Every structure is written in structure tokens, then in C-alpha cells.
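S.K.: Encoded as C-alpha cells, here's the structure I'll be asking about.
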Amino acid sequence: MKEKSEKMEVKEDTKQEEKQAVKLPEDTYTIEDFVANADAFGVKPEAIIGAMKLAGKDVATKEEMAKYLAEFLRKEV
């Protein structure tokens, strides 16, 4: 009995790992998309352009854009 329960636990762990490993690709957006929706990030369009240029990117996910903006806005002028 003990062996069966151990095998079941291993199978369950494997299934959970597979679920975690399968990630859907995140949507990416262009600079123009972010500029058009700059208010969603609470910034002006110029900040979006500056952040993307600083990062050297033309497309990004929302999470990446938030990271780029945070880095850009921390820069001293």
C-alpha cells in the first residue's frame, strides 16, 4: 500500500510541474500601442518613448513596459 501511495504522489507532483511549466506566451505591444495608452501606466507618452529607447526595444509585454518605465523614471536628469 505504501508503494502505491508514493507512486500516486509522484504522479501528482509530475502533473503539477507540467501545469506550471506550460505557460502561454504573453502578448507583446509596439511603442505606438503603449504611447496610445500611456494613461494606463499613469505617464505621458514621452515617458513611454524614453523608456523604450533606453531599453533598446521596439516591442514589449505589459510587465516589461512597467519595468522599463520604472528604470526610466528613476534616472536622474
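The values are calculated or read from the model by the stated rules, or taken from the named source; none is laboratory data. No experiment lies behind these values; they were computed from the predicted model shown. With ideal geometry, Cβ positions are generated from the backbone for all residues, glycine too; neighbour counts draw on all protein chains shown.
S.K.: For the stretch 27-47, how many residues meet the condition of being touching a helix residue (DSSP H, G or I) at 6+ places or on another chain (Cβ under 7 Å) and not in a helix (DSSP H, G or I)?
M.R.: Looking only at that region, the number is 3.
S.K.: Kindly indicate which of Phe34, Phe72 is modelled with pLDDT of 95 or more, touching a strand residue (DSSP E or B) at 6+ places or on another chain (Cβ under 8 Å) and not acidic (Asp, Glu).
M.R.: The conditions single out Phe34.
S.K.: Further, regarding this structure: When the residues of the stretch 54-69 are filtered to those that are under 14 Å from the mean Cα position of the chain (by Cα) and aliphatic (A, V, I, L, M), which remaining residue is surrounded by the most Cβ atoms within 10 Å (Cβ to Cβ)?
M.R.: Within the stretch 54-69, the match that is surrounded by the most Cβ atoms within 10 Å (Cβ to Cβ) is Met65.
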